[in-house]
Amino acid sequence: MLAPSIPVSSPTHVLGPLDQLTAPVPVAVVYLYDHAIDAARLETALSHLVNYYPHLSGRLHYNPSDNTPEIHRIGEGMRFVTATANEDLEIPVGRPLLVTDLPSGGNPLFVPFDMSPTALCRDPVFSVQHTTFPDGKTALGIRILHILGDAFGFFQLVQDLAELYRNRTGTLVRPPCTESYLAGAAFTDEERKEALAYTPSGCKISSELPQFASPASPPRGRVVHVPTTTLAKVKTAATSPGANGWVSTFEALSAFLYRRIYHARQALAEPQPHATHFLTPVNLRPSNRLDLPPRYFPNALTTSTSSPSPDFLASASLPEVAAQVHSLVRSLDPIELERSARWVAAQPDKRVVRGTFPYDQPGFLVSQWSAWDQYDGVSFSDDVDARPLLASTPFTAISEMNGLAYYLRPRDGLGLDINIALCEDVWEVLDRDGGLLGEMA
């Protein structure tokens, strides 16, 4: 276990409302390098890293007064383990390396993870596994709990670790901000009353946990590469004529997949109505709608959701669906965002605060990790250009949720990789009709 070597300001780190809306599921990425990474030097870099992120050496805890999630027992340590693989990796010829090419999809390259409530509050919130292969390659399996930070904070964390490994000084040129937005916000009685009077669109109060229905067939994860030419084709097809018809590549591709997956589910003629739910997290950092400080590590996301009528999604054209997605992700109001966050912070019992998205029903959930180049700045070598062979998130029992997709940048920066999980019967329908990309391939 690695703990901070300098005194921490408080034994407890309070999480903010943007963190509190996030489940304690993992954010995990495996980095594969074609060279050796010195384990002792990496351990030293990690010990320096937790000086800048001391709460990553603590344990998840729920304050008994109002069930606010916190990190306490700071200093018990993050977990660092080393392992040795028995066999070399088989690198594919003629195509890029994918996470599904790794042993068991890369899952053995991480410290084992237990999702039970007891384990989540017992085990370290941050772990790194260093695995060496006989031919000299090295894999780093890095994981944090999502309740501590989102993908963008995670990638910043790994860049900081790589910087500390390279410079050997124990100092970062640009230290991170680890204090969560509105963490520990204090309210007068009047302020609390005013905060609670607001009705946020994406949250509700419910003491009932969602009941997840078993899908008709098991979900399976695949990595689908989308070439640059296909992205351009999708964007053109999704764009309506005129100045008001513009959509981004992300919006166009998301609308295309949303519509295509819905039609595949519809073709199965299942007895239950086909859900039309759509969700995408929106990163609040670029627009800085909440005036967040530079190098903000905690969660800075809000989820945009939509559930149009089945008739709309069954008959709407691609530009119509793309226009709806465009409106959804660009309609955020800073005042509403702040009021929603204050509403969460003012709740007397945080454990009954839930999102309104129906996770118990099939839908399409897409996360734009491609907004960050996960290969940039993560060289664990004196050669700063020693980029990893692969940087990708594995498919796990959690990420293989029916309809969940991650957009990731390929190593060469050309096109897009989609890590997506769908039920086997949906894959069968899509495969009979040209695959996930269909006529756009």
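Looking at the chain, what % of its DSSP beta bridges pair antiparallel, to the nearest 5? All intermediate terms of the calculation are to be shown ahead of the outcome.
Values: 47 of 60 bridges.
Close to 80 percent.
Charge dipole (Cα centre; +1 on Lys/Arg Cβ, -1 on Asp/Glu Cβ; no other charges) of the chain amounts to roughly 420 debye. What is the log10 of I(q)/I(0) for the stretch 242-307, computed with the Debye formula using one identical point scatterer on each Cα and no solvent, at q = 0.19, 0.21 Å⁻¹? Debye curve over Cα of the stretch 242-307, log10 I(q)/I(0) at q = 0.19, 0.21 Å⁻¹: -0.90, -0.97. The magnitude of the dipole of the stretch 368-431, with charges of +1 and -1 set on the Cβ of Lys/Arg and Asp/Glu and taken from the Cα centre, is near 180 debye. Value of Rg to Rh for the stretch 45-129, rounded to two decimals, is 1.12; Kirkwood radius and Rg both from alpha-carbon coordinates.
On the principal axes of its alpha carbon atoms, the stretch 179-237 extends 57, 34, 27 Å, with the longest extent given first. Put ILE398, ILE37 in order of accessible area, highest first, and with a 1.4 Å probe you get ILE398, ILE37.
Find the accessible area per residue for the stretch 255-396; the probe is 1.4 Å, ligands and nucleic acids are left out, and the unit is Å².
On the way: 5930 Å² over 142 residues.
That works out to 42 Å² per residue.
When a/c reaches 1.5 or more, the comparison of a/b and b/c decides; with that in mind, is the stretch 350-441 rounded, prolate or oblate per its Cα gyration tensor? Oblate shape, in that a/c is at least 1.5 and b/c is the bigger or equal ratio.
When we measure straight from the Cα of LYS350, which lysines land under 27 angstrom away, once same-chain ones fewer than 8 places off are left out? Here the lysines satisfying the reach criterion relative to LYS350 are LYS193, LYS204. Kirkwood hydrodynamic radius of the stretch 189-300, from the reciprocal of the average inverse Cα-Cα distance over all distinct pairs: 19.1 Å. For ASP189, the accessible surface of its heavy atoms amounts to roughly 140 Å² (probe 1.4 Å, protein chains only, rounded to the nearest 10).
Want the number for ILE6 to LEU332: 0.36 nm per residue separation, take away the alpha-carbon distance, what's left? Intermediate results must be reported in sequence, preceding the final value.
On the way: separation 326, 0.36 × 326 = 117.36 nm, distance 4.03 nm.
Computed gain between ILE6 and LEU332 is 113.3 nm.
A straight chain from THR169 to ASP114 at 0.36 nm per residue would run longer than the Cα-Cα distance by 16.3 nm.
Between the residues ALA36, ALA83, SER5, the greatest Cα displacement towards the positive end of the dipole of the stretch 1-107, with unit charges on the Cβ of Lys, Arg, Asp and Glu, is found for SER5.
Using a Gaussian network model of the chain in which every pair of alpha carbons under 10 angstrom is joined by a spring, one finds that among SER370, SER309, SER399 the greatest mean-square fluctuation is at SER309. In this structure, the amide hydrogen of VAL226, modeled 1.01 Å from its nitrogen in the peptide plane, lies closer than 5 angstrom to those of LEU416, ASP417, ILE418, counting only residues at least 5 positions away or on a different chain.
Using 0.36 nm per residue of separation minus the Cα-Cα distance, give me the extension gain between SER206 and ARG222 in nm, one decimal. Walk me through the intermediate numbers first.
Numbers: separation 16, 0.36 × 16 = 5.76 nm, distance 3.43 nm.
Length gained between SER206 and ARG222: 2.3 nm.
Here LYS235 is the anchor, and the aspartates and glutamates within straight C-alpha reach of less than 19 Å, apart from those fewer than 8 places off in the same chain, are GLU251, GLU320, ASP417, GLU439.
The values are calculated or read from the model by the stated rules, or taken from the named source; none is laboratory data. Because the structure is predicted, anything quoted here is derived from the model rather than measured. Glycine also receives a Cβ, built like all others from the backbone with ideal geometry; neighbour counts cover every protein chain displayed. What goes into the accessible areas is simple: the full protein's heavy atoms, side chains included, and nothing from ligands, DNA or RNA. Shrake-Rupley method; radii C 1.70, N 1.55, O 1.52, S 1.80 Å.
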